Amino acid sequence: MPKLDLASLPVRTGSIYPAPYAERMAGRSSLRLGQAGGLTQFGVNLVTLEPGAMSSLRHWHMAEDEFVMVTEGECVMVTDAGEEVMRAGDCAAFPANVPDGHHFINRSGAPARFLVVGTKAPREVATYSDVDLKVVVEDGSATFTRRDGTPYRPEDGA
């Protein structure tokens with residue numbers, strides 16, 4: 001496999017989250033490096049957060065490990081333990097099935113970038129710590145529910 005040409009990769013923006021949560025992801029973009037390289041067992045994404053943007057809703061994975069390394073700029077990692085500033089070279093690991101909701105927020109005045117490496121489980125459940133939302137991803141399809149398993153309907157409110 002030749003070297004990946006990052007400039008030629010499509011930039012992914014937006015979110016799979018249902019309304020009203022999808023709108024909260026404005027200012028976040030990513031390059032799917034693992035997918036571009038043909039990897040199937042784990043994902044590798046280079047995420048860019050513009051000033052004020054967040055990486056995701058705070059969440060934890062039931063079946064997938066996740067590893068993050070900041071490559072540029074500064075962002076704040078928010079976990080159940082609180083907030084911690086992360087700068088280039090700082091890393092964090094989130095083992096599967098440890099209910100420690102996490103996400104990253106760029107509170108600086110410049111873009112921040114980080115690499116995310118994660119397992120690609122055949123079936124994954126992620127729980128969102130600060131909202132009544134859960135997602136099951138299976139066969140490439142995401143189904144959102146309330147934490148108790150009842151269907152999530154945006155018209156019912158967040």
Would you mind calculating the gained length between Ser8 and Ala121 on full extension (0.36 nm times residue separation, minus the Cα-Cα distance), in nm to one decimal?
37.9 nm
Amide H of Gly101 versus every other amide H placed in the peptide plane: which residues, excluding those fewer than 5 positions away on the same chain, fall under 5 Å?
Asp80
The stretch 126-141-the stretch 80-95 distance, computed between alpha-carbon centres (Å)
22
Given the options Ser30, Ser129, Ser141, which has the most mean-square fluctuation in a GNM of the chain, springs set between C-alpha atoms less than 10 angstrom apart?
Ser141
Distance in nm between pseudo-label sites at Thr79 and Glu155 (7 Å out along the Cβ direction from Cα)
4.1
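Taken together, the values in this text are just the output of simple stated rules run on the coordinates, not laboratory data. Only a predicted model underlies this, so the values are computations on that prediction, with no experimental measurement involved. Neighbour counts run over all protein chains shown; Cβ positions are idealised from the backbone, glycine included.
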